[in-house]
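Working notes, beginning with the structure itself.
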Amino acid sequence: MLQKRVLIAIVGPTAVGKTTTAIALAELLDGEIVSADSRLLYQGMNVGTAKPTDRDMRGVRHHLIDVTTPDRHWTLAQYKCAATNAIDDVQHRGYIPLLVGGTGQYIRAIVEGWDIPPLPKDKKIRQELLSYAERHGSILLHRKLIELDQQAAESIDHRNTRRVIRALEVCISTGKPFSEQRTKTKPNYNILTIGLTMERSDLYARIDARIDNMFENGWIEEVRGLLDKGYTWDMPSMSALGYPEVGRFIREEIDLTETRRRIRRLSRRLVRRQASWFAIDGTNIEWYEMRCMSLAELHTVAINWMNTIP
């Protein structure tokens, strides 16, 4: 039984091959995967999120996939609590946990030990901010955050209205910048963070091919099914990348060619945001080029690293 408290995190941009690599490495290391992807939490959102298949999850046990329904919102604090519990459980049973995903906040909350400020309970502030966003748009709402907390604003995309509002809620209700209230407590396990990378042109080609496969595998039908179940576009889950664009196609606002074009553009934008979360020159990440790296190499890196831990 494994006695060392270890965690291997696998990060990188969307479509780079994190899932396939992590599953193969977990099989070699006798490990289990803890998802760090906000889109994989939701049941019924499979095709458009590139969720691991049932076959994948039968071969290697996965955690924090399909844990809630699309009408329920998970906060970062909820995720951190659930992920920490899953990691502890995997370690307690003698297996190696692999934290895998492209949601930067999720990864960093775990590996950096974020202590997340509690969400204020003043519903009036939230409603006022929601109304402001509806009247003036996300850019002007984001500017309000810049005025109150530039550091937080730099880490939150203006299109992510929910996160902008949360940061503003904390700033307004406490009178202190949101960024100053997020402290860190060092995790009580040793962490190896592996970054997977690829030339942008190759990555974009993989993204385009994956989007095409999603449509061929029933993405439109998946979204129609979610709508038929009563899930609505104001739910945070339904803002997952590409889903609103498929919704516009279903409503006949855009054709299929334009739908694909928009999703490709948004996917490239996501890659650039992920690059800011996982910097290539980050001192705490060991980066590997997918074309040059072998699974055997990663396995050796992980084993050698664990052997250095007292």
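Just so it is clear, none of the values below were taken in a lab; they were calculated from the coordinates. These figures come from a predicted structure and were not determined experimentally. For neighbour counting, all protein chains shown are included, and Cβ atoms are generated from backbone atoms with ideal geometry for every residue, glycine included.
Things worth noting here:
- Calculated [θ] (222 nm, deg cm²/dmol) that DSSP helices of n ≥ 4 give over the chain, each run adding -39,500 (n - 2.57): -16000 deg cm²/dmol
- Among 38, 173, 294, the ranking by other beta carbons within 10 Å of each residue's beta carbon, starting with the fewest, stands as 294, 173, 38.
- Checked against a 31 Å cut-off, the cross-linked pairs 184/229; 51/176; 18/123; 51/124; 80/144; 144/229 give Cα-Cα distances beyond that limit for 184/229; 51/176; 18/123; 51/124; 144/229.
- The distance separating the Cα centre of region 241-310 from that of region 52-115 comes to 17 Å.
- Its relative contact order, with pairs defined as Cα atoms under 8 Å and 6+ residues apart, puts region 123-181 at 33 percent.
- Full extension of the segment from residue 216 to residue 162, taken as 0.36 nm per residue of separation minus the current Cα-Cα distance, would add 16.3 nm.
- Charged neighbours of residue 272, selected by a Cβ distance under 12 Å, balance to +4 (K, R count +1; D, E count -1).
- Debye-sum result for the chain in log10 I(q)/I(0), which assumes one identical scatterer on each alpha carbon, at q = 0.10, 0.14, 0.16 Å⁻¹: -0.60, -1.20, -1.50
- Burial ordering of 301, 223, 271, 100, fewest other beta-carbon atoms within 10 Å first: 301, 271, 223, 100
- Shape class of region 66-184 from the Cα gyration tensor (axes a ≥ b ≥ c, square roots of the eigenvalues): prolate, since a/c reaches 1.5 or more and a/b is larger than b/c.
- Relative exposure of 60, 170, judged by other C-beta atoms within 10 Å (fewest first): 60, 170
- Kirkwood Rh in Å, taken over all unlike Cα pairs in region 146-210: 15.2 Å
- Per residue, the Cα convex hull of region 123-181 amounts to 65 Å³.
- Percentage relative contact order, the chain, counting C-alpha pairs under 8 Å, at least six apart: 27 percent
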